[in-house]
1. Within a Cβ distance under 10 Å of A:THR25, other residues only, what is the Lys/Arg minus Asp/Glu net charge?
2. Using the alpha carbons of the range A:2-92, what is the convex hull volume per residue in cubic angstrom, as a whole number?
3. Can you tell me which lysines have their Cα less than 22 Å from the Cα of A:LYS68? Leave out same-chain residues fewer than eight positions away.
4. Hey, if you put +1 on the Cβ of every Lys and Arg and -1 on every Asp and Glu Cβ in the range A:1-103, which of A:SER80, A:ALA91, A:ALA61 ends up farthest toward the positive end of that dipole?
5. Name the shape class, rounded, prolate or oblate, that the alpha-carbon gyration tensor gives for the range B:2-83, where a ≥ b ≥ c are the square roots of its eigenvalues, rounded holds for a/c under 1.5, and otherwise prolate holds if a/b is larger than b/c and oblate otherwise.
6. Using the Karplus curve 6.51 cos²θ - 1.76 cosθ + 1.60 with θ = phi - 60°, what ³J(HN,Hα) values do you get for each residue of the range B:22-38, in whole Hz, with x for Gly and Pro?
7. Under a Cβ-only charge scheme (Lys and Arg +1, Asp and Glu -1), can you give me the dipole magnitude of chain B about the Cα centre, in debye to the nearest 20?
8. What 222 nm value per residue comes from the helices of chain B, counting each DSSP H run with n ≥ 4 as -39,500 (n - 2.57) and dividing by all residues, nearest 500 deg cm²/dmol?
Amino acid sequence: MIAIIVHAVTITLALVGGLFFLAGTLGLLRLPDFYSRVHAATKCDTVGAGAILLALAVHVAPHPEALKLIALLVLVLLSSPTSGHALARAAHDTGLRPWRRGAEEAP
Amino acid sequence: MNTFFWGLATFLLINAFACLWRAFAGPTVVDRILATNVVCTKALLVLALLGLAFERSLLLDVALVYGLLNFGITIAATRFLETGRLKGDWQA
């Protein structure tokens with residue numbers, strides 16, 4: 001019974017993570033501007049990686065490898081938003097203009 | 001459960017290859033740095049999944065080092081951009 005619940009939680013969390021990764025990839029490929037792309041890619045990557053790593057940690061739970069997976073999860077949760085924020089701030093400080101509707105026609 | 005891990009890793013690899021197109025064709029420098037960051041995150045997850053599928057706990061350590069290198073590379077490239085060593089093509 002416990003094994004079935006653990007498997008169900010693992011598969012659900014991993015599928016949610018995969019869905020978030022698909023959304024992040026679509027956003028990175030389709031959105032028109034760097035700022036919107038960094039918004040989509042950073043948030044979807046953080047939540048997707050967090051969900052998949054949490055699923056793996058639940059899957060191996062009594063084993064001490066779960067602690068390593070939790071450390072990996074904390075690392076991703078700390079580093080991914082920091083990287084996205086630093087990238088967007090560097091682009092904004094060096095003067096990259098945000099995209100506006102109808103701005104492609106103007107030089 | 002191993003089949004599920006293999007399928008998820010394959011799906012993440014397809015996503016990573018789709019993100020490589022943005023690294024190749026991105027109009028600005030920051031797009032390429034962002035795409036590299038995203039591909040590194042997906043490779044970290046693929047390493048963790050394969051480490052569980054093969055039951056090699058060594059691959060989890062490799063994934064940990066990969067995440068730290070990913071963060072360092074992104075912050076270093078951002079500092080290059082901010083200090084003016086690396087010019088974006090929107091700058092004069």
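1. On the way: positive: A:ARG30, B:ARG22, B:LYS42; negative: A:ASP45.
The answer is +2.
2. Working: hull volume 5.8 nm³, N = 91.
Convex hull of Cα atoms, per residue: 64 Å³.
3. Output for A:LYS68: B:LYS42.
4. Going by the charge dipole, the pick is A:ALA91.
5. On the way: a/c = 5.63, a/b = 1.64, b/c = 3.43.
Note, shape of the range B:2-83 comes out oblate.
6. 5, 5, 7, 10, x, x, 10, 5, 5, 4, 5, 5, 5, 5, 5, 4, 5
7. Numbers: 7 positive and 5 negative charges, 38 e Å.
So the magnitude is around 180 debye.
8. Working: 3 runs with 75 residues, N = 92.
Helices in chain B give a 222 nm mean residue ellipticity of -29000 deg cm²/dmol.
Values quoted throughout were computed directly from the atomic coordinates according to the rules given, and no laboratory measurement underlies them. Just so it is clear, the model here is predicted, and its values are computed rather than measured. Positions of Cβ are backbone-derived with ideal geometry, glycine not excepted, and every protein chain shown enters the neighbour counts.
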